[in-house]
Amino acid sequence: MVSSVIKKSQLEGARRLDAEYYQPELLSLSSRLYSQKLKLLKDFTEKVFSGPFGSTLKSDSYQSAGIPFIRIGDIADVFISRNSLIFISPEEHKRIHSTYLRPGDIVFSKIGTVGRLSVISDDLGEVNISENNIGIRFSKISPELRVYLLFFLLSKYGQTQILRKASGNIQLKLNVSDIETISIPEVSDRVLKDFLNLYKQLIDYKKESEILYFQAENLLFEGLKIKDLNLGDEAGFVVMLSEIKENGRCDAEYFQPKYKKLAEYIKKNCNGVLLGDLVTMKKGIEPGAEEYQEPSDAEAMEGKKGKQFIRVSSLSKFGVNDSDQKYLSEELYQKLKGDFEPKKGEILLTKDASPGIAYVLKENIEGIMAGGILRLKLKNKEIEDEYLSLCVNSVVGQMQAERDAGGSVIAHWKPEQIKNILIPILPKPTQQKIADLARQSHESRKKAKQLLEEAKRNVEELIEKGGKA
C-alpha cells in the first residue's frame, strides 16, 4: 500500500481533498517543476477557449470539404488525424469564428482521456473545434517558443499538471482555467533553437512518410489502370428482383452500378482473387467495458497502464495509436492472450464502425484485440502483406467495404462479406516495389515518433537538471 502525509497547508486552498491528487510520485514531479523559474501558459497566449456548444452548430454544417472541424477523436500524437476528419462551410466557420485556430496553435481534448493534444499543421490552414475540445491560440511568439511549449505539454511534466487539474469522478474534465494556469519553466534561447531543430527533423520525416505512401498508392493505381474508370454514383439505374433476392439487400446504394463495374474490372483485368482464398481470419473479443482498467495518474506518468485493449478507434492505416486508449488487467491479459493477442506480420483489419482500415503489424504488441478487428494471416507468400494492406486501404478495398457495410447507423462488415472481396493481383515485382515504398513510409513515420520521444525526454532532463543545459 502506498501512502503519503500531506500538511493542511498543502491542500491547495482546500480545493482538492482527493487522495489521488497527492500521490507521492505526482508530488515529487511537481516539486521538481516548481523549483524552476516559471511562467503560466496564459502568458504566451492570445486566447484559451472551449469549442462552441453543439446546439449552436447547424445540423447540415458537416461536409466533405471546407474548413476542417476538429473533433476529440481527431486529436492524435502531435498532429491531427485525417482518418475521419470532417469539415464545415466557410459561412458556418464565419458564424462561429471566435473559436478558430491557426497553424501553430494547439487543440486539447477536454473530456474523457484529457490531455491529448495536437498542433494545427500548416497544410490544414485555419480550423474550428468542437465543444469537447479546448483551443490555445498563441500570441505573436517565436516559432522556437511555440515548439518548446508543445514539447513541454506533451512531456510528463506537462501531462502531470493536466491530469492533476482535471476534475470529475466518472469522466474527467478540463476547464479553460486549468489550461491557462499550467506552469512553464523558462529556458535559454539556445535550448529553444535545439527544440526547433528537432521539430523540423520530425516534420521532414512526417512529410517523407506521406510522400512515400502516396508514391506506393500511385504505383498501385498505375498497375491497376483504374484512374480513368468512371466510378461515380448514378442518379438512376434498374435492378432485377432476382438480384435483390440473391444478395439479400434492398437498399438502393448497395446496387449502385459503380460497385459492379469495379468488381467486373478487377476480375477481367487484374486477376482478381477472393480475400478468403489469400488469408485466414481470426476475430477479436469484447470483454466488456467493466473490464477496462483505469491507471492512476502516477501509473500513467510512469507508463504503468496495464495491457493494451486495441479497439477500432486505436487503429489507423499507419499503426496502433494511443487515441482514447483503454487497458486490461494483467490477469485478464494472461487469460486471453493465447487466442486474442495479435502477432508481428499479421494484418489487422477493422470490420465495425470504421470498416476497411488495414495495417501490417510491425512488431509484437502486449495486448488484446477488440471484436471489431480481424487478424489476417497470409496463406502463402505469393502476395506481399504490405501490398495487400494497401489494396484494402485504397479505393479498391474502400468501395467494397462501403458497399457491404453501408445502410446502417453503425457500419458492420461481416466476416463472410470480407472473405468475398476481390483483391487485384499485380505481378510480383510490382507488388514488391509497392510494398517497399509502404515499408519505407512506415519507417519514416517511426523515425518521426522517435524524435518526438527524444524531444519529450530532453524537456524532462532539462527540468531535472534545474533548467541548465
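The values are calculated or read from the model by the stated rules, or taken from the named source; none is laboratory data. Treat the numbers as computed from the prediction; the structure is a model and nothing was measured. Ideal geometry is used to build each Cβ from the backbone, glycine not excepted, and the neighbour counts take in all protein chains shown.
Just need a number here: residues in the stretch 98-131 that are outside any loop (DSSP other than H, G, I, E, B) and basic (Lys, Arg).
Residues flagged as outside any loop (DSSP other than H, G, I, E, B) and basic (Lys, Arg) within the stretch 98-131 amount to 0.
Within the stretch 81-110, can you find the residues that are under 27 Å from Ser314 (Cα atoms) and either of a type in the set (S, T, N, Q) or crowded, with 20+ Cβ neighbours inside 10 Å (or both)?
Ser81, Asn83, Ser84, Ile88, Leu101, Asp105, Ile106, Val107, Phe108, Ser109, Lys110
Looking only at the stretch 399-408, decide whether some residue is surrounded by 15 or more Cβ atoms within 10 Å (Cβ to Cβ), aliphatic (A, V, I, L, M) and touching a Leu at 6+ places or on another chain (Cβ under 8 Å).
Taking every residue of the stretch 399-408 in turn, at least one turns out to be surrounded by 15 or more Cβ atoms within 10 Å (Cβ to Cβ), aliphatic (A, V, I, L, M) and touching a Leu at 6+ places or on another chain (Cβ under 8 Å).
Quick one: count up the residues across the stretch 132-186 that are among the aliphatic types (A, V, I, L, M) and assigned to a helix (DSSP H, G or I).
10
Quick check on the stretch 240-257. Is at least one of its residues over 30 Å from Phe79 (Cα atoms), touching a Ser or Thr at 6+ places or on another chain (Cβ under 8 Å), in contact (Cβ under 8 Å) with a residue 24 or more places away in the chain and not assigned by TED's automatic domain parsing to the domain that holds Asn83?
No: the stretch 240-257 contains no residue that is over 30 Å from Phe79 (Cα atoms), touching a Ser or Thr at 6+ places or on another chain (Cβ under 8 Å), in contact (Cβ under 8 Å) with a residue 24 or more places away in the chain and not assigned by TED's automatic domain parsing to the domain that holds Asn83.
Can you pull out every residue in the stretch 363-387 that is in a loop (DSSP other than H, G, I, E, B) and out of contact with any Lys or Arg (no Cβ under 7 Å at 6 or more places or on another chain)?
Those that are in a loop (DSSP other than H, G, I, E, B) and out of contact with any Lys or Arg (no Cβ under 7 Å at 6 or more places or on another chain): Ile365, Lys379, Asn380, Lys381, Glu382, Ile383, Glu384.
Just checking, does the stretch 294-316 include any residue being in the same structural domain as Ile410 (by TED's automatic domain parsing), surrounded by fewer than 15 Cβ atoms within 10 Å (Cβ to Cβ) and modelled with pLDDT of 80 or more? Explain how you work it out, then say what you get.
Initially, the stretch 294-316 is screened for residues in the same structural domain as Ile410 (by TED's automatic domain parsing), giving 294-316.
Narrowing further to those that are surrounded by fewer than 15 Cβ atoms within 10 Å (Cβ to Cβ): 294-295, 302-304.
Those left that are additionally modelled with pLDDT of 80 or more: none.
Taking every residue of the stretch 294-316 in turn, none turns out to be in the same structural domain as Ile410 (by TED's automatic domain parsing), surrounded by fewer than 15 Cβ atoms within 10 Å (Cβ to Cβ) and modelled with pLDDT of 80 or more.
How many residues are modelled with pLDDT of 95 or more and among the aliphatic types (A, V, I, L, M) if we restrict to the stretch 89-116?
3
Going by the structure shown, is Ala448 among the aliphatic types (A, V, I, L, M), touching a residue at least 12 places away in the same chain (Cβ under 8 Å) and within 24 Å of Arg375 (Cα to Cα)?
On the way: among the aliphatic types (A, V, I, L, M): yes; touching a residue at least 12 places away in the same chain (Cβ under 8 Å): yes; within 24 Å of Arg375 (Cα to Cα): no.
Considered against the rule, which asks whether it is among the aliphatic types (A, V, I, L, M), touching a residue at least 12 places away in the same chain (Cβ under 8 Å) and within 24 Å of Arg375 (Cα to Cα), Ala448 comes out as no.
Only one of (1) at pLDDT 90 or above; (2) in contact with a helix residue (DSSP H, G or I) (Cβ under 7 Å, 6 or more places away or on another chain) is not met by Asp77, so which one is it?
That leaves (1) as the condition not met.
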